[in-house]
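The values are calculated or read from the model by the stated rules, or taken from the named source; none is laboratory data. As the structure is a computational prediction, the values presented were derived from the model and not from experiment. Glycine gets a Cβ as well: all are built from the backbone with ideal geometry, and neighbour counts include every protein chain shown.
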Amino acid sequence: MKKVLVVSSSPRRDGNSDSLANEFARGAEDVGCVVEKIFLADYNINYCTGCGVCFSCKRCFQHDDMSFLLNKMVEADTIVLVTPVYFYNMSAQLKTFIDRCCPRYKEMTNKEFYYILTQGEMEEYLMDRAVTALRSFSVNCLCGTVEKGILRAVGVYTLGEIEKTKYLKQAYLMGQGCAERILTRIE
């Protein structure tokens, strides 16, 4: 069975992007994937200090929850990065998480990636920088990455606004496509 890790980086539990993360997870579970969703706000993740210790010993000297989360990343077949877009980029929580992947990023090979993004603005192109930043990590830094899909949810700013859109269904269907080995792009 495929192991799916959904990384929800919203600071708001059950906010718009977190609701999409839940729907993706539900869709993937419904087709037999083993899904684990992590809500980054529940974990203590310090900023990278740039000390470089992890390059020589393959682990970070900081004692926080990141070591536990890195194990999840390495073990997963599929990783779903979910973020609200703030000032045209990913959330600070997700960027901090990605920065802290340094000790074990070379072990994160042959992964499938999905990206789910939300923003209050209506123009999809305003998410391009955030998508580029996500790809800079997953495609440019990790070996064997397959980008499986992107969901760009626009016009969802206030809490619960996602409920009145087509995006919840799209996230669910994207999750169902997770069991497939073919490209399932929703953009």
| message | So for the stretch 53-67 (the condition being closer than 24 Å to GLN176 by Cα, modelled with pLDDT of 95 or more and surrounded by 14 or more Cβ atoms within 10 Å (Cβ to Cβ)), does at least one residue qualify? | response | no
| Between a first residue in the stretch 15-29 that is among the acidic types (Asp, Glu) and a second residue that is assigned to a helix (DSSP H, G or I), which pairs have beta carbons less than 7 Å apart while being 6 or more apart in sequence or on different chains? | GLU23/LEU168; GLU23/ALA171; GLU23/TYR172; GLU23/GLY175
| field | Which numbered condition ALA25 misses (of (1) under 18 Å from PHE137 (Cβ atoms); (2) assigned to a helix (DSSP H, G or I); (3) not acidic (Asp, Glu)) | value | (1)
